[in-house]
């Protein structure tokens with residue numbers, strides 16, 4: 001086990017992550033540039049042959065009063081049934097915990113909630129698993145995501161799995177003359193303007209324009225894609241995607257009120273899926289929801305829209321925590337929950353005032 005300490009190790013970690021079946025863009029060394037307000041440390045473990053067997057990208061942030069918190073989004077990147085690799089990564093995390101005097105390491109792995117082997121290994125290594133959450137306020141990443149398996153499938157086969165209403169909407173978009181264009185970084189302001197309109201209308205959260213520019217710059221042109229939908233020469237919908245490790249993720253989407261009937265534009269999504277198929281991607285990930293949702297809880301319009309694509313609703317392991325200062329971390333979570341609830345109430349009051 002060692003920490004990445006030079007450019008050569010950084011490149012090795014990036015190549016491993018991008019080519020591993022468990023590779024995720026949030027574990028990419030590029031994503032560390034997006035979270036520039038967090039300090040990033042990367043742990044590498046190797047087998048007896050000297051080849052890398054696991055990578056863990058950890059973000060460290062100072063929390064006033066409580067001390068440092070370590071966070072690992074969608075890691076680790078390794079064979080999640082390889083006990084030795086997971087043990088070495090844990091040893092590296094414990095070293096960082098001591099070095100930074102952290103209260104805990106918090107992970108939200110890209111591992112199925114039904115993977116009992118992974119659970120057993122992690123619990124034997126001292127981790128605590130919480131995945132019975134009822135609200136998104138308890139997690140940073142969504143626990144339920146929709147994914148389309150693209151492996152060995154043609155466009156025709158994928159399209160046939162769509163709900164008939166979605167198929168109709170796509171064909172309607174085409175008849176209406178909706179034009180899909182791939183945008184550039186210079187067109188991010190068009191995307192952001194649509195985001196502002198969507199936020200004003202639906203109350204979705206929005207980050208500063210600089211954040212989306214930072215995502216683009218950090219991940220790089222080869223991994224980012226901006227798709228714009230035009231109707232009668234006017235941009236009516238837009239979405240940002242990232243493709244990495246033979247997967248495409250739908251990151252952010254927005255639309256005008258005029259284009260709301262096709263929000264986010266079905267044709268825009270379809271064109272991006274076709275692009276992923278042509279590029280040889282194995283998975284198209286529609287990601288999750290603001291609230292945890294499952295097949296028995298279809299309350300969200302977002303849920304219903306994503307379900308129409310015929311993908312699999314995958315429930316992932318929730319929060320996996322390695323506590324270093326358990327009592328401090330417990331109090332931090334209580335304060336975090338109160339703070340989130342308070343901000344949510346204030347936002348709700350402000351939203352009613354603007355109506």
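Here's the yes/no breakdown for (1) assigned by TED's automatic domain parsing to the domain that holds residue 199; (2) at pLDDT 55 or above:
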| residue | (1), (2) |
| --- | --- |
| 257 | yes, yes |
| 263 | yes, no |
| 267 | yes, yes |
| 274 | yes, yes |
| 298 | no, no |
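Taken together, 245, 238 contain a single residue that is touching a strand residue (DSSP E or B) at 6+ places or on another chain (Cβ under 8 Å) and modelled with pLDDT of 80 or more, which is 238. Look at the stretch 219-233 and say how many of its residues are farther than 23 Å from residue 273 by Cα and touching a residue at least 24 places away in the same chain (Cβ under 8 Å). The number of residues fulfilling the criteria is 1.
Residues that are modelled with pLDDT of 95 or more and part of a loop (DSSP other than H, G, I, E, B) were ranked within the stretch 115-142; the one that is surrounded by the fewest Cβ atoms within 10 Å (Cβ to Cβ) is 126.
For residue 119, the requirement of being within 28 Å of residue 278 (Cβ to Cβ) and out of contact with any helix residue (DSSP H, G or I) (no Cβ under 8 Å at 6 or more places or on another chain) is not met. Answer with yes or no whether residue 200 is buried (at least 16 other Cβ atoms within 10 Å of the Cβ), out of contact with any strand residue (DSSP E or B) (no Cβ under 7 Å at 6 or more places or on another chain) and at pLDDT below 95. The answer is no for residue 200.
Here the stretch 48-82 is the region considered, the condition is being assigned to a loop (DSSP other than H, G, I, E, B) and in contact with a helix residue (DSSP H, G or I) (Cβ under 8 Å, 6 or more places away or on another chain), and the residue that is nearest to residue 98 (Cα to Cα) is 66. Pairs linking a residue in the stretch 116-131 that is closer than 21 Å to residue 327 by Cα to a residue that is assigned to a loop (DSSP other than H, G, I, E, B), with Cβ atoms under 8 Å and 6 or more positions apart or on different chains, are 129/317; 129/318; 130/318; 131/113; 131/143; 131/317; 131/318. Within the stretch 1-9, does at least one residue satisfy the condition of being in contact with a helix residue (DSSP H, G or I) (Cβ under 8 Å, 6 or more places away or on another chain), part of a loop (DSSP other than H, G, I, E, B), in contact (Cβ under 8 Å) with a residue 24 or more places away in the chain and closer than 20 Å to residue 125 by Cβ? Yes: the stretch 1-9 contains one or more residues that are in contact with a helix residue (DSSP H, G or I) (Cβ under 8 Å, 6 or more places away or on another chain), part of a loop (DSSP other than H, G, I, E, B), in contact (Cβ under 8 Å) with a residue 24 or more places away in the chain and closer than 20 Å to residue 125 by Cβ.
The values are calculated or read from the model by the stated rules, or taken from the named source; none is laboratory data. The model shown is predicted, which means the values in this text are computed figures rather than measured ones. Every residue, glycine as well, gets a Cβ built from its backbone with ideal geometry; the counts of neighbours run over all protein chains shown.
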